[in-house]
Amino acid sequence: MTRVLIPLFEGFEEIEAVTIIDVLRRGGIEVVTAGLVTTTVMGAHAIAIIADKLLDEVDTSKFDAIVLAGGAGTFRLREDHRIASIIKAQAAANKIVAAICAAPTVLSNAGLLRGKQATSFPAVKEQLEVGEYLEVPVVVDGNVVTSRGAGTAMAFALKLVEILQGEAIANKLAKDMIV
């Protein structure tokens, strides 16, 4: 079974994280959520989510993709040395590394967007070191997938299902959810 890791941090954007988790699971993907510090993690809009595990309890080499939600607390991902190490290892293994909203800054800080096409939440555009910045909902460049924000979370999640499980499954999900 395809496995995806989604780290959760204080101040994550709830719409992004929950949409991604839900859609990927509907697509037959095993999703493991991992809190950076605690298993009960408070989102940006005071919605608490209980992560499956703590990040330190997860063997991150066993995942096909790592997906980063954004939100007001994204700086916590950028400052966490474990995240930088995980995403660099994923990229080196040619596995999927994905980020939405402000989280592409985490990829950029790790050097993973150099020479790549990418997108992000408009307010963090200037913080990215990219080959070409695109103002479209979802950008796929090799094994890197980026998206703009809460309003593009569904398109982002469906694109991840398409990449990981195939176009037929993604299309069926979109039809079933009336997207």
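The values are calculated or read from the model by the stated rules, or taken from the named source; none is laboratory data. Predicted, not measured: the structure shown is a model, and the values here were computed from it. Virtual Cβ from ideal backbone geometry, glycine too; neighbours counted across all protein chains shown. Remember, those area values only see protein heavy atoms, side chains included, never the ligands or the DNA or RNA. Shrake-Rupley method; radii C 1.70, N 1.55, O 1.52, S 1.80 Å.
At-a-glance table
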| read-out | value |
| --- | --- |
| Restricting region 115-168 to residues that are open to solvent by 40 Å² or more (accessible area, probe 1.4 Å) and polar (S, T, N, Q), the residue that is nearest to GLY28 (Cα to Cα) | GLN165 |
| Hey, LEU5 touching a Phe, Trp or Tyr at 6+ places or on another chain (Cβ under 6 Å), under 26 Å from ASN171 (Cβ atoms) and either assigned to a helix (DSSP H, G or I) or aliphatic (A, V, I, L, M) (or both) or not | yes |
| Residues (of a type in the set (Ser, Thr, Tyr) and surrounded by 20 or more Cβ atoms within 10 Å (Cβ to Cβ)) located in region 26-58 | THR33 |
| VAL161 being farther than 15 Å from ALA103 by Cα and among the β-branched types (Val, Ile, Thr) | yes |
| Qualifying residue in region 48-58 (condition: more than 22 Å from ARG78 (Cβ to Cβ) and at pLDDT below 95) | no |
| Where a residue in region 94-122 is under 10 Å from VAL139 (Cα atoms) and its partner, wherever it lies, is among the basic types (Lys, Arg) and open to solvent by 20 Å² or more (accessible area, probe 1.4 Å), with Cβ under 7 Å and at least six apart | THR119/ARG148; SER120/ARG148 |
| From ALA93, ALA174, ALA89, ALA123, residue being under 16 Å from the mean Cα position of the chain (by Cα), modelled with pLDDT of 95 or more and not hydroxyl-bearing (Ser, Thr, Tyr) | ALA89 |
| Region 59-85: number of residues that are under 20 Å from ILE29 (Cα atoms) and open to solvent by less than 20 Å² (accessible area, probe 1.4 Å) | 6 |
| Hey, LYS95 open to solvent by less than 70 Å² (accessible area, probe 1.4 Å) and either within 21 Å of MET154 (Cα to Cα) or not aliphatic (A, V, I, L, M) (or both) or not | yes |
| Verdict on ALA17 being at pLDDT 95 or above, within 16 Å of LYS159 (Cα to Cα), hydrophobic (A, V, I, L, M, F, W, C) and buried (at least 19 other Cβ atoms within 10 Å of the Cβ) | yes |
